[in-house]
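Encoded as structure tokens, the structure appears first; notes follow it.
Each reported figure results from applying straightforward, stated rules to the coordinates on display, with no laboratory input. Just so we're clear, the structure is a prediction, and the values are computed from it rather than from any experiment. So basically every Cβ, Gly included, is an ideal-geometry build from the backbone, and we count neighbours across all protein chains shown.
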Amino acid sequence: MKHLTLKSAAVCCLLYLMTTATSCPYQEPEPQSMETVLTGLQLTSYNREREGLIPVTDGRCPKEFYTLGITPLVLTDNHRYDFYTLLHPITAVRIVAASDFDADHPAGSNITRFFYTEGSSRNGLATPIDTINGTRYLLQLTKAPAAGNYRFRVEFETDNNEVVTADTEEITLY
């Protein structure tokens, strides 16, 4: 019996040594990145009236709940990277009324200050933006215009003075 207990203890020690000697702590893989350029913007209109964001599919949204989603698009080699470093960082972000917003802001007016970025202490997006990681920027409309049809133009300007723009589809804010 004593021999069996020593043998069991020896087997347990041997198993312990084998498993600890062959295992190594997990290491996070190094993030993969790619240097690239901004090629476009994808805009999505959202309704935040209910819990979560719901894409506007019928062209109508309550004006108090309108949120603009902006996804920067970059030139890639069809490989998914953790983030993309912009060769020409974004130095300015503007939201422009593509149609008359109100009496003081006709079409062509900069209305960036009427859009609040969640998680930011200011309106608009903080610049410069030098890396993109697939993030969708969400900007909530803070000044509700009169009920009507609206279009917004988003402009991202880079440090080489290139301006990348995109326009929203017409949206009826009511």
Worksheet item: Out of S33, T117, L73, whose Cα points farthest toward the positive end of the dipole of region 33-173 (charges: +1 Lys, Arg; -1 Asp, Glu; placed on Cβ)?
Response: T117
Fill in: Extension gain from S109 to D58, taking 0.36 nm per residue of separation minus the Cα-Cα distance
15.7 nm
Worksheet, complete the sentence: Once amide hydrogens are built 1.01 Å from N within the peptide plane, the residues lying 5 or more places from A92 or on another chain with amide H under 5 Å from its amide H are E157
Worksheet item: What does the charge count near V163 come to, summing +1 for each Lys or Arg and -1 for each Asp or Glu among other residues with Cβ under 15 Å from its Cβ?
Response: -3
Discussion item. Give me the dipole magnitude in Debye, nearest 20, for region 33-173 about the Cα centre, with unit charges on the beta carbon: positive for Lys and Arg, negative for Asp and Glu.
Written reply: 360
Fill in: Relative contact order of region 33-173, defined on C-alpha pairs under 8 angstrom at six or more residues apart (%)
30
Item to complete: Please check which bits of region 132-165 a label hung off E118 would reach, taking the label as a point 7 Å along Cα-to-C-beta and the cut-off as backbone N under 16 Å.
Response: 135-142
Worksheet item: Can you work out the base-10 log of I(q)/I(0) for region 30-174 at q = 0.14, 0.20 1/Å, using the Debye formula on its C-alpha atoms alone?
Response: -0.67, -1.22
Discussion item. Per 0.36 nm of contour for each residue apart, how much would the distance between E30 and N161 grow if the chain were fully extended, relative to their Cα-Cα spacing?
Written reply: 43.9 nm
Discussion item. Which GluC sites (Glu not before Pro) in region 70-174 sit in a loop by DSSP (not H, G, I, E or B) and have at most 15 other Cβ atoms within 10 Å of their own Cβ?
Written reply: E118, E162, E169, E170
Discussion item. As I understand it, the dipole of region 33-173 uses +1 on the Cβ of Lys and Arg and -1 on the Cβ of Asp and Glu, about the Cα centre. Which of Q140, V164, P106 lies farthest toward its positive end?
Written reply: Q140
